[in-house]
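The structure under discussion appears below in the form of structure tokens.
FYI, it's all coordinate maths here, none of it is from the lab. Everything numeric in this text was worked out from a predicted model, so none of it was measured. Here the Cβ is made from the backbone with ideal geometry for all residues, glycine too, and neighbour counts use every protein chain on show.
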Amino acid sequence: MTTRVQFLERVRREMGKTRGLFPATTAPRPARPREAAEAVRRQLAERWPQAVERFRAEFERVAGVFHRVGRLDEVPAVLARIAAEKGAREVVGWDPAALGWDLRAALAPHDLVVLLAPPRDGEADRRRHREEAARAPLGVTGADWALAETGTLILFSGPGRPRSTSLLPDTHVAVFGPAALLETLEQVGVMLEAHHADPARVDGGGAITFITGPSRTADIELTLTRGVHGPKEVHAIFVDAGAA
């Protein structure tokens with residue numbers, strides 16, 4: 001019988017046969033996070049048209065569904081169409097203060113029942129919203145950042161914007177504009193440094209969720225299943241004129 005020491009020694013011996021693909025290095029942290037973040041924003045103010053095209057390509061590569069509209073008032077029609085395709089009559093969404101616009105008022109003409117996340121973190125309200133999100137076929141959120149090189153949506157949780165809104169419904173729809181676009185994971189790191197360096201932004205233990213396409217899991221025979229740990233479908237609605 002192979003002992004633990006022998007097993008680990010064999011692993012070390014095999015790993016020693018190659019240097020690997022590249023040496024691991026630690027990325028440098030910006031000395032002035034806010035200034036670095038502003039530099040990224042200035043760059044993206046000019047390059048966002050290229051960034052959104054790359055995001056679209058990578059998002060669709062991971063089975064995301066991309067929509068693009070010119071103005072925010074065009075978003076409700078897209079949401080209503082998605083809801084009709086899914087046979088959904090009930091929608092959960094972020095609180096208007098977190099989303100930047102009132103989802104309930106926007107979808108009222110489309111006869112959809114909209115259940116909004118509580119604006120404050122009360123245990124009873126959180127439990128109610130989790131139950132609503134688990135029942136609703138469609139969840140609508142914003143996106144704090146959209147990472148172009150991998151087609152990834154990045155969402156901060158907090159009051160009015162719980163994780164359950166994006167993770168529990170079968171279909172998740174994120175609405176965002178040019179200001180959310182980032183090109184590289186390195187830029188995400190810079191923005192996170194600036195976020196945590198800002199004393200006015202206290203997350204209070206909130207989570208940061210990176211969403212790259214629908215939920216996927218596979219068993220030992222590599223049988224792929226969607227929707228086990230999150231939505232079966234993820235849609236992105238990009239608003240050219242901007243969305244909060």
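Peptides 171-180, 189-198, 149-158, 74-83: what's the order by average Cβ count within 10 Å, highest mean first?
171-180, 149-158, 74-83, 189-198
Using the crude model of +1 on Lys and Arg Cβ and -1 on Asp and Glu Cβ, and no other charge, please compute the dipole size for the stretch 1-107 relative to its Cα centre, in debye to 20.
Charge dipole of the stretch 1-107: 760 debye, to the nearest 20.
For every other residue with a beta carbon closer than 12 angstrom to the beta carbon of ALA134, add +1 if it is Lys or Arg and -1 if Asp or Glu, then tell me the sum. Don't skip to the end; give the middle numbers.
Details: positive: ARG127, ARG128, ARG130, ARG135; negative: GLU90, GLU131, GLU132, ASP170.
For residues surrounding ALA134, the net value is 0.
Would you mind working out the magnitude of the charge dipole of the stretch 55-239 relative to its Cα centre, with +1 at each Lys and Arg C-beta and -1 at each Asp and Glu C-beta, to the nearest 20 Debye?
About 440 debye.
Report relative contact order for the stretch 55-239 in percent, whole number only (criteria: Cα-Cα under 8 Å, sequence separation at least 6).
Here the relative contact order equals 28 percent.
Arrange the peptides 9-19, 46-56 so that the one whose residues have, on average, the most other Cβ atoms within 10 Å appears first.
Numbers: 9-19: 9.0, 46-56: 17.0.
Going by the mean number of other Cβ atoms within 10 Å, highest first, we get 46-56, 9-19.
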